[in-house]
Amino acid sequence: MTEPMHVATGVLVIGSGAAGMYAAIEAAQAGAEVLLADRSLIGRGGATVMAQMTVAGALGSEMPDHWTHHLNDTLAAGRGLCDARLARLLCEEGPDAIRQMDAWGVGWARRDGRIAAAIAPGHDRPRCVYVDFLNTGPAVSKTLRTVVNRTSGIRKAGDLLIVDLLHRDGELAGAVALHVATGAPVIIAAKATVLATGGLTRLYRRNSASANMGGDGYALALRAGAPLVDMEFVQFFPIGHLAPRLIGMDPIMWDPFRYKLGGRLLNGLGEEFASHYGAREDGAYVLTRDLATYAICKEVEAGRGSPHGGAYLSFEHCSQAALRAAFGPVIDALAANAIDLTTMPVEVAPIAHYHMGGVVADARMETEIDGLLVAGEAVGGANGANRLSGNAVTEALVFGRRAGQSAAARAARIASPPDASAGPALELVSAPGRAAASNSAAMILALQSIMSDDVGPFRTEATLKRALVRIGELAGELGERPFGEGGPFDMRRIEWFDLRNMLLVARAVAEAALRRTESRGAHQREDFPGMLPEWRVNQMVRWRDGALALASAPPPALAPAMAAAQ
Ligand SMILES: Cc1cc2nc3c(=O)[nH]c(=O)nc-3n(C[C@H](O)[C@H](O)[C@H](O)COP(=O)(O)OP(=O)(O)OC[C@H]3O[C@@H](n4cnc5c(N)ncnc54)[C@H](O)[C@@H]3O)c2cc1C
């Protein structure tokens with residue numbers, strides 16, 4: 001067995017999206033020694049760098065606004081299930097985080113010298129800031145990378161796939177990792193660990209994810225004993241690009257087009273249809289994501305879809321000049337893909353995009369496990385059953401900052417992490433390859449099909465039960481010992497670890513969806529249409545003795561004084 005490399009740090013941050021980088025900066029600025037680890041290149045993996053659009057915060061730059069208005073909209077979109085303490089933190093501290101990013105030079109678009117804001121569905125006023133020409137996420141990532149690089153006390157480790165968390169008696173001690181570039185095992189001892197691993201949308205066949213978004217953080221937390229919440233609420237982005245072929249562009253890029261230019265959503269017969277699903281869509285973009293997903297899927301099901309199985313999105317009412325004024329270089333990129341929006345509609349359809357569920361945390365971003373903090377999309381509950389546009393980058397910034405502060409405080413408080421055995425995780429990383437193993441890439445595709453077909457935007461008891469059986473079969477095929485030989489960039493071994501997490505997280509999503517016998521927000525049960533008052537509860541999932549245990553609890557509320565002010 002290859003001898004493991006040992007590393008010790010005050011704060012270990014796992015994941016270097018916006019949440020992880022902000023956490024690392026904040027912890028280092030508070031005096032902690034930080035190791036920022038990522039399975040990809042630092043600051044270039046995950047969703048943040050791909051998010052091309054908007055960041056929500058009540059700056060009041062376009063018209064008077066207050067964070068309580070943002071909170072009201074967030075709670076309404078969450079359909080009664082938001083953890084109001086987390087939603088409050090997001091809305092109250094969002095403007096400050098956005099201003100801090102401005103001071104760090106992110107380059108928010110400006111109008112008359114003030115930060116410009118767009119209106120987005122579900123927000124009651126213009127509240128979504130952006131960096132122009134679909135550059136928001138890359139600019140956020142680049143800005144944070146620059147600050148990480150100039151902040152002393154942060155060590156960076158890319159290509160480090162965290163495989164398991166180390167814990168003892170309910171206290172976290174660090175993690176075991178696989179160094180992807182060499183295949184070597186690494187043991188990291190840490191006084192505090194921040195899980196900032198992003199979401200799970202790689203579980204689905206059509207998704208907006210990058211390859212490292214298979215829900216690792218949720219599985220790591222579960223196996224370490226921390227509960228997850230709201231796992232049934234996977235957000236589908238309704239107007240993901242479907243056809244014609246579009247290379248090198250974000251599949252959810254039509255959203256900013258709709259903010260700026262309206263755009264008409266049409267079925268295969270060329271008819272506007274959103275109004276049939278209870279929404280006013282007269283050229284303005286007002287339909288929230290869950291309703292739009294529902295409306296498009298129902299049109300397709302009724303045989304009124306576009307040729308590739310979605311809906312048309314038309315900007316044919318816009319002149320070339322209007323398109324250029326709004327999206328300059330993007331229009332050239334579309335032209336290179338033979339798309340002229342003045343003469344043709346594009347086809348769009350729902351794609352898995354974001355996860356409302358995640359690790360249970362309090363407003364300090366502390367989990368039930370001492371020393372384990374969580375940040376960004378890995379946190380569950382802030383957005384309830386449905387997330388508003390722009391809230392995800394804001395939560396990554398705000399929760400990342402808070403997690404960094406809490407992690408640094410703990411690292412200053414304790415002398416050393418508990419002495420936990422790395423044995424089982426280490427054995428997995430170092431295990432000799434399994435003979436005649438299955439095709440891991442084909443297994444991932446099979447799982448994605450199961451999730452899309454049976455645990456997608458619409459579910460029934462029958463599809464969910466079928467999915468759970470098939471997920472169980474895949475878990476049996478995966479077995480307990482990794483595939484591959486374990487050398488440098490061994491994809492079969494990496495995919496074995498990916499599948500180990502993806503299958504566990506897929507089970508959590510399907511089991512929570514099966515138990516919730518109603519429809520709410522992003523969770524639509526065709527056999528239980530409509531919201532039920534008795535289901536105004538969150539579902540917690542725990543990993544106990546090799547099985548998932550589910551329980552319900554009312555959503556955490558705001559302090560009474562705050563609630564009265566709402
Ligand atoms: C295409 C796209 C567009 C979007 N547009 C918007 C938008 O306009 N506005 C908005 O508010 N939200 C948007 N979102 C959502 C938003 O971008 C994310 O919710 C947010 O960026 C998540 O940030 P994060 O730091 O929590 O995670 P990420 O940015 O996803 O970072 C997670 C990091 O963790 C690393 N990681 C994962 N597992 C491991 C492991 N086992 N070991 C080591 N490292 C690991 C990954 O490599 C990655 O770098 C978009 C998402 C996508 C995919």
For ALA437, are the conditions met, namely being more than 10 Å from the ligand (Cβ to nearest atom) and not acidic (Asp, Glu)?
-> yes
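Let's see how each residue does on (1) under 28 Å from the mean Cα position of the chain (by Cα); (2) closer than 27 Å to TYR204 by Cα; (3) in contact (Cβ under 8 Å) with a residue 60 or more places away in the chain:
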| position | (1), (2), (3) |
| --- | --- |
| ALA411 | yes, no, yes |
| SER430 | no, no, yes |
| ALA435 | no, no, no |
| THR460 | yes, yes, yes |
| ALA467 | yes, yes, no |
Has the range 205-218 got any residue that is within 21 Å of ASP38 (Cα to Cα) and aromatic (Phe, Trp, Tyr)?
-> yes
In the range 360-384, residue farthest from the ligand (Cβ to nearest atom) [restricted to those that are under 12 Å from the mean Cα position of the chain (by Cα) and not in a loop (DSSP other than H, G, I, E, B)] = VAL379
What pairs come up if the first residue lies in the range 43-65 and is outside the structural domain of ILE98 (by TED's automatic domain parsing) and within 12 Å of TRP108 (Cα to Cα), the second is within 8 Å of the ligand (Cβ to nearest atom) and open to solvent by less than 40 Å² (accessible area, probe 1.4 Å), and their beta carbons are under 6 Å apart, counting only those six or more places apart or on different chains?
-> none
Counting only helices (runs of 4 or more DSSP H) entirely within the range 1-116, those with at least 3 residues that are in contact with a Gly (Cβ under 8 Å, 6 or more places away or on another chain), open to solvent by less than 30 Å² (accessible area, probe 1.4 Å) and aliphatic (A, V, I, L, M) are 18-29, 84-103
Residue check, TYR130 against (1) buried (at least 20 other Cβ atoms within 10 Å of the Cβ); (2) more than 10 Å from the ligand (Cβ to nearest atom); (3) aromatic (Phe, Trp, Tyr), all met but one. Which one?
-> (2)
Pairing a residue in the range 70-86 that is outside the structural domain of ALA392 (by TED's automatic domain parsing) with any residue that is surrounded by 24 or more Cβ atoms within 10 Å (Cβ to Cβ) and in a loop (DSSP other than H, G, I, E, B), where Cβ atoms lie under 7 Å and the two sit 6 or more apart in sequence or on different chains, gives none
Here are some residues: ALA189, ALA177, ALA196, ALA211. Which one is modelled with pLDDT of 95 or more and either in contact with a Cys (Cβ under 6 Å, 6 or more places away or on another chain) or surrounded by fewer than 24 Cβ atoms within 10 Å (Cβ to Cβ) (or both)?
-> ALA189
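The values are calculated or read from the model by the stated rules, or taken from the named source; none is laboratory data. Since the model is a prediction, treat every value here as computed from it, not as a measurement. Please note: Cβ atoms are built from the backbone with ideal geometry, for glycine as well, and neighbour counts cover all protein chains shown. Areas reflect the complete protein model, heavy atoms only, side chains present, ligands, DNA and RNA absent. Shrake-Rupley method; radii C 1.70, N 1.55, O 1.52, S 1.80 Å.
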